[in-house]
Amino acid sequence: MLFDERKFPYHLMLQKFLCSGGHNALFETFNWALSMGGKVPVGEGLEHPDLPDGTGEFLDAWLMLVEKMVNPSTVLESPHALPAKGPPHGHPPFSALRFLVVTQKVRRGKGIKGVCGTEGKLGVAE
């Protein structure tokens, strides 16, 4: 559960999503669905006559999730923000702005690595 009923994100959950590789998995799933599991090129997936039933509904739900994840007003103004003081146990502090930047970079086809490094900074592969 990343968002509440008003579409505001829980920053703790976004941090976990980010640190566990959720971005890469989210976009790999999109490519998997469009390529029918790697059987056709992604660019041909929507028009392919053998597109499995339910793929359109999956893509609608996927797009709604991504839309929520890149909405600056809800991500930045969430009432579920983490305290400004860094979390214990060596986890990096969560930055809602950095989350938006990482999400936009992944959306543009750039993979991410080292997102939650022990140095406390969020890094993005260029």
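The values are calculated or read from the model by the stated rules, or taken from the named source; none is laboratory data. None of these values were measured; they are calculated from a predicted model. Ideal geometry is used to build each Cβ from the backbone, glycine not excepted, and the neighbour counts take in all protein chains shown. These area figures cover heavy atoms from the full protein model, side chains too; ligands, DNA and RNA do not enter into them. Shrake-Rupley method; radii C 1.70, N 1.55, O 1.52, S 1.80 Å.
Provide a single number: the residues in the stretch 2-44 that are surrounded by fewer than 13 Cβ atoms within 10 Å (Cβ to Cβ), small (Gly, Ala, Ser) and outside any helix (DSSP H, G or I).
Within the stretch 2-44, residues that are surrounded by fewer than 13 Cβ atoms within 10 Å (Cβ to Cβ), small (Gly, Ala, Ser) and outside any helix (DSSP H, G or I) number 3.
Could you list all residues from the stretch 45-62 that are open to solvent by 70 Å² or more (accessible area, probe 1.4 Å), assigned to a helix (DSSP H, G or I) and out of contact with any helix residue (DSSP H, G or I) (no Cβ under 9 Å at 6 or more places or on another chain)?
Glu47, Glu57, Asp60
Applying the selection to the stretch 46-67, what residues are within 30 Å of Lys7 (Cα to Cα) and free of Cβ contacts under 8 Å to residues at least 24 places away in the same chain?
First, the residues of the stretch 46-67 that are within 30 Å of Lys7 (Cα to Cα): 46, 52-67.
Listed by number, the residues that qualify are Leu46, Pro52, Asp53, Gly54, Thr55, Gly56, Glu57, Asp60, Ala61, Leu63, Met64, Glu67.
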